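Down below is the structure, laid out as structure tokens.
What follows is calculated from the coordinates using simple rules that are stated; it is not laboratory data. What you see is a predicted model; the values in this text were computed from it and never measured. Using ideal geometry, Cβ is built from the backbone for each residue, glycine included, and neighbour counts are taken over all protein chains shown.
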Amino acid sequence: MNLLDIDNLHVKLEDEDRDIIRGLSLTVKPGEVHAIMGPNGSGKSTLSYVLAGREGYEVTEGSVTFKGEDLLEMSPDQRAAKGVFLAFQYPIEIPGVATMQFLKVALNSQRKARGEKELSTPDFMRMVKEKAAKLNVSPDMLKRPVNVGFSGGEKKRAEILQMAVLEPSLCILDETDSGLDIDALRVVADGVNALRSPDRAMIVITHYQRLLDYIVPDFVHVLSKGRIVKSGDKHLALELEEKGYAEFTESAA
Amino acid sequence: MSTVIARTAAEEALGFQLPNRRMEDWRWTDLRQLIDKPYPPRQHVMAKPADVERLVASSLFAGVAATRMVFVNGEYDAKHSKQANAFVESTAAIDDPVNLMNVAFATDGARLRIEGNVDTPIELVFISTDASPRTVATRNVIEIADDASATIIETHLGEGSYLASSVMEIRIGHNARLDRIKVELESHDAVHLAHCHVIVGRNVTFRDFTLTTGAKLNRQNGTFRFIGEFADAKISGAFLLAGKQHADTALVVDHEVPNCASRELFKCVMDDHARGIFQGKVIVRPGAQKTDGKQSSHALLLTETAEFDAKPELEIYADDVACGHGATSGDLNHDHVFYLKSRGIPEAEAKALLIAAFVGEAFDTVHQDGIRTALEDFAARWLTEHGRKR
């Protein structure tokens, strides 16, 4: 069965008329890693937000099916419990909510929604500390409020830690490479690669090919003006790096 | 002006002209209009022992080890008190209507002199039992000796309809530490008018936290005077208001000498038609150089009908100081709510978590774990009742 089926999706901002996503179709099977590349304004971030369920967008046409169910009917927390995870391009700072507490409430909310038993505090702490160590997330960061005062790299590592703790079946990485130096990028990519599994799929949204040196995709799609204009394997990314997006932005016009 | 305005029934019963909106400090809290029935003073009310027991037990800190001093309907209750009064004189200036009324009507109050390091918190419990509407007034004087340290809790509780007038005079000696935690948990049919005068000596550490959540009408004045250098005062508070509650806190922090630091932080959560007001004035007197005075008030409005007004004022007569103020008011941040939801936390829980986090910052002033936990537990219960009903 397909994990995700996006069929002829059209999306606009609620208070604007112009479609941002204009007839996008994409099928993702478990275990696959899809890269979506495209210039600024092609609709990459909109796609990630629509899949995560952010308010402010309106789907005017098409459908999104996740594990056989209508994803668009679900609230963001239901989507998360069902296995959708969006790693934000700009992770949000939440003052006053300790990272550890946030992770615990999030995981146990998801488990509760799925009818699973909540994890005990000692089991939970052990699991988080183990995963945090692998991502160079210090115990001090876990005590601090979510993302508050974290550097760019720390924020991205914290996002990947959340992903590792919540174990989603579909990971959407929105420009995870932005603002990272090469060392930070490597840590993040290692974290992501460690999560690759036959049951888990990933959609890696990026402007640059660089990230795909570390997270090697099975498929690469070029997004331009709200639709996928070309698909290929990892070599397409290299081609884009060489030639730029000009060819696609013009052909899609 | 007072000669031409006829006294209201409430003023008639008190024998005092109440402050009104034509007075700048009272523009949002016009007591002539808001106090709409007589609360005659100096009424002797015999309390039923069961009522007293119940109210004493309903203090948020009933489970915290403390030396208690209980005042019932404005009078010292020896049976429920472990601490007796000392002889300390009232010295604060009697300069405003709340003070004037209190001086005229106070029947009793705590008189304490603290020496040495007092580890066990002292809880002053002020109780008003259910009886016909009346004014219940206490005037309290606390002296913290040089080099002494203490934690003093003030709990105000009650049932039925009354006007509680509470004045607290605190003098903190040199090198001393005082933590003051006040909880205003009056009956929802009560009026609470309070004034707290604090004189802060040299090299003092003073931490003050007030939770305002009871009473239909609350006005709390505070005057904090720095009279010795190198003192540090943290003054914080939380409002948890709902229904038609009205709470107005007006503070004056007066830096009379150089090298002192003051921090004011108020976090206000307003539900339904509640109205919160924070007026904060920081004065830096001539010569009070190196003053570090910051003030901020932040409100979270859970409904469109709730209201928050802030009036920050800085009066600075010295040129080498760092002073600032900030005030915000608004709804929960939608990006925060979405971020939590995107991680699987349902909307109601996400909001409760965010509101608790918002208020929680004000609790940071409370360093005693047991006391802080009791405050957090209360806030959590309040938020469950009010924050989640939507």
5 angstrom amide H check on residue A:204, placed H, neighbours 5+ away: A:34, A:35, A:36, A:173
Cross-link partners of residue A:129 among lysines (Cα-Cα below 25 Å; sequence separation of 8 or more within a chain): A:82, A:104, A:112, A:117, A:143, A:155, A:156, B:341
Whole-Hz couplings from phi, Karplus 6.51/-1.76/1.60, listed for region B:343-355; x for Gly and Pro: 9, x, 8, x, 3, 4, 5, 4, 5, 4, 4, 6, 5
Per-residue Cβ neighbour rank within 10 angstrom, fewest leading, A:90, A:245: A:90, A:245
Order of B:235, A:228 - criterion: other Cβ atoms within 10 Å of each residue's Cβ, fewest first: A:228, B:235
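At a Förster radius of 25 Å, what calculated FRET efficiency corresponds to the Cβ-Cβ distance of residue B:21 and residue B:189, to the nearest 0.05? Could you put the intermediate results ahead of the total?
Working: r = 23 Å, r/R0 = 0.93.
That gives a FRET efficiency of 0.60.
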Per-residue HN-Hα couplings for region B:107-123 [Karplus 6.51, -1.76, 1.60; θ = phi - 60°; Hz; x = Gly/Pro]: 9, 6, x, 7, 10, 10, 10, 9, 10, x, 8, 9, 7, 6, x, 9, 10
Within straight-line cross-link reach of residue B:79, lysines at Cα separation under 28 Å, skipping those fewer than 8 residues along the same chain: B:48, B:182
Among B:290, B:48, B:234, residue whose mean-square fluctuation peaks in a GNM of chain B (springs only between Cα atoms under 10 Å): B:48
Integer Hz, Karplus 6.51/-1.76/1.60 couplings in order for region A:58-68, x for Gly and Pro: 10, 8, 9, 7, x, 8, 10, 10, 10, 6, x
5 angstrom amide H check on residue A:86, placed H, neighbours 5+ away: A:172
Max mean-square fluctuation residue, GNM over chain A, Cα-Cα springs under 10 Å, options A:183, A:77, A:213: A:183
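Arrange the following residues from fewest to most other Cβ atoms within 10 Å of their Cβ: B:8, A:60. All intermediate terms of the calculation are to be shown ahead of the outcome.
Working: B:8 19, A:60 13.
The fewest-first ordering by Cβ neighbours comes to A:60, B:8.
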Hydrodynamic radius of the protein assembly as shown per Kirkwood, over alpha carbon pairs, in Å: 27.9
Computed label-point distance, nm, for sites residue B:230 and residue A:29 using a 7 Å Cα→Cβ extension: 7.5
Cα-based convex hull, region B:204-297, per residue volume (Å³, whole number): 69
Rounded to 10°, Cα long-axis angle of helix A:182-194 versus longest principal axis of chain A: 80
Residue among A:48, A:236, A:98 farthest towards the positive dipole end of region A:4-251, charges placed on Cβ: A:98
